[in-house]
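The block underneath contains the structure these notes are about, expressed in structure tokens.
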Amino acid sequence: ARQKTARCPVPMAAGATRPRPVASSVPEAEAPPLPELSEERKVDLAELLRAPQPDDAATVELLLNPTPDSAGAVTAMMETARAGPPRYDCFISTGVAPAFAFSAFRHRNAEGGFQYDVRLTPTESSRVGTNSFCAQLKCSADCTRYTLCDDPSNFYSYPRELGAVFVGGAGLGNRISVLVPRVLPSGAAAQFRVLRPEDGIISRFLAGQAREHIMTLSGLWTSKEGGTVELTLGGEGTAASQRRTVFRATQSSSTLSLQYSSPLSCFQAFCIALSLVHHAQHRRRPSSEPRRAYGSAGRPPSPP
């Protein structure tokens, strides 16, 4: 059932880690399907996501902690609210009916870019007498870098980052690269405590620091409408046939269908999808290139 993230220092001790994964493009051959979500995990999801208190610690734990290897793949969907301020909703399939997980509200930030406030309720109004959960996806002004930030009032009592997404931009072309804290077979994850800008997962990775505590996913995107985006995880020297697909996003009508599995959490998968949609909608284009009209959920870029 549920596994808790270990309380480990920053960075996590390097012993007993998996071989370090490296960025790799999606293999030309069709990736194997993600395994079906286990019945036990479906029961956990259905019960916890029906909890009367969305800020319940068990619900936050389930949605933010890495999906266990034994759980298989989780199927989810992202939809756009049809009324009110810009909002994206995430639902998880539990085998009975879709269960609400998150809502993300888009705002302008002080740096000229955007940020998404990610909440466990479809409203931004804080409940009286409670500390309402609010994580963030921070977007760079050029819409190529995205940082996943935990709610500052978290279990660890310090600001921490849960990953980063690079989409396109200088040196990447049509590649997507995702950085997430390393997850051990036990389910324990490295912790990136951010007290200064240079502590961030992007800054440390680009400086060549703490890379042994980071897992890298990669894939391809284009500006074509429709299609599927896949992200793979594979270690250095791993054959293409042995690389593992851990994230898949497919446009279907007005819904973005998602599948994700270990080492990703629901929050990380949702933020990756948000990054793809935001990049497709807001990235800077040459003046001669028309802005594409994506579906109500925003069509993600698809590999050729």
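Is it fair to say Thr121 is out of contact with any His (no Cβ under 6 Å at 6 or more places or on another chain), in a loop (DSSP other than H, G, I, E, B), surrounded by fewer than 20 Cβ atoms within 10 Å (Cβ to Cβ) and modelled with pLDDT of 85 or more? When the stated conditions are applied, Thr121 passes them. Checking each residue in the range 59-112 for being under 24 Å from Ala190 (Cα atoms) and in contact with a Pro (Cβ under 8 Å, 6 or more places away or on another chain) picks out Pro66, Thr67, Asp69, Gly72, Ala73. In this structure, Ala189 qualifies as in contact with a Ser or Thr (Cβ under 6 Å, 6 or more places away or on another chain) and of a type in the set (A, V, I, L, M). Of everything in the range 206-220 that's crowded, with 21+ Cβ neighbours inside 10 Å and not hydroxyl-bearing (Ser, Thr, Tyr), which residue is farthest from Tyr260 (Cα to Cα)? Of everything passing the filter in the range 206-220, His213 is farthest from Tyr260 (Cα to Cα).
Which one of these is under 23 Å from Ala249 (Cβ atoms) and either modelled with pLDDT under 80 or out of contact with any His (no Cβ under 7 Å at 6 or more places or on another chain) (or both): Ala170, Ala83, Ala110, Ala135? Spell out how you get there, then give the answer.
Values: Ala170 fails: under 23 Å from Ala249 (Cβ atoms); Ala83 fails: under 23 Å from Ala249 (Cβ atoms); Ala110 fails: under 23 Å from Ala249 (Cβ atoms).
Within the list Ala170, Ala83, Ala110, Ala135, the selection yields Ala135.
A count restricted to the range 56-74 and to residues that are under 13 Å from Arg119 (Cα atoms) and in a loop (DSSP other than H, G, I, E, B) stands at 1.
Filter the range 155-168 down to residues that are open to solvent by 20 Å² or more (accessible area, probe 1.4 Å) and part of a loop (DSSP other than H, G, I, E, B), then give me how many there are. Selection size over the range 155-168: 5.
From the list Ala273, Ala297, Ala293, exactly one residue is part of a helix (DSSP H, G or I) and either within 12 Å of the chain's Cα centre (by Cα) or at pLDDT below 70 (or both). Which is it?
Working: Ala297 fails: part of a helix (DSSP H, G or I); Ala293 fails: part of a helix (DSSP H, G or I).
Checking each option against the conditions leaves just Ala273.
Of the candidates Gly95, Gly112, the single residue that is over 18 Å from the mean Cα position of the chain (by Cα) and within 17 Å of Leu258 (Cβ to Cβ) is Gly95.
Could you count how many residues in the range 248-270 are open to solvent by 30 Å² or more (accessible area, probe 1.4 Å) and modelled with pLDDT under 85?
In the first step, residues of the range 248-270 are kept if they are open to solvent by 30 Å² or more (accessible area, probe 1.4 Å); the result is 248, 250, 252-254, 257, 259.
Retained after the next criterion (residues that are modelled with pLDDT under 85): 252-254.
Of the residues in that region, 3 qualify.
For the range 169-201, which positions are among the small types (Gly, Ala, Ser) and surrounded by 14 or more Cβ atoms within 10 Å (Cβ to Cβ)? Passing the criteria: Gly169, Ser177, Gly187, Ala188, Ala189, Ala190, Gly200.
The values are calculated or read from the model by the stated rules, or taken from the named source; none is laboratory data. This structure is a prediction, so every number in the text was calculated from the model and none was measured. A quick note on method: Cβ atoms are made from the backbone with ideal geometry, for glycine too, and the neighbour counts reach across all protein chains shown. The area values use the complete protein model at the heavy-atom level, side chains included, leaving out ligands, DNA and RNA. Shrake-Rupley method; radii C 1.70, N 1.55, O 1.52, S 1.80 Å.
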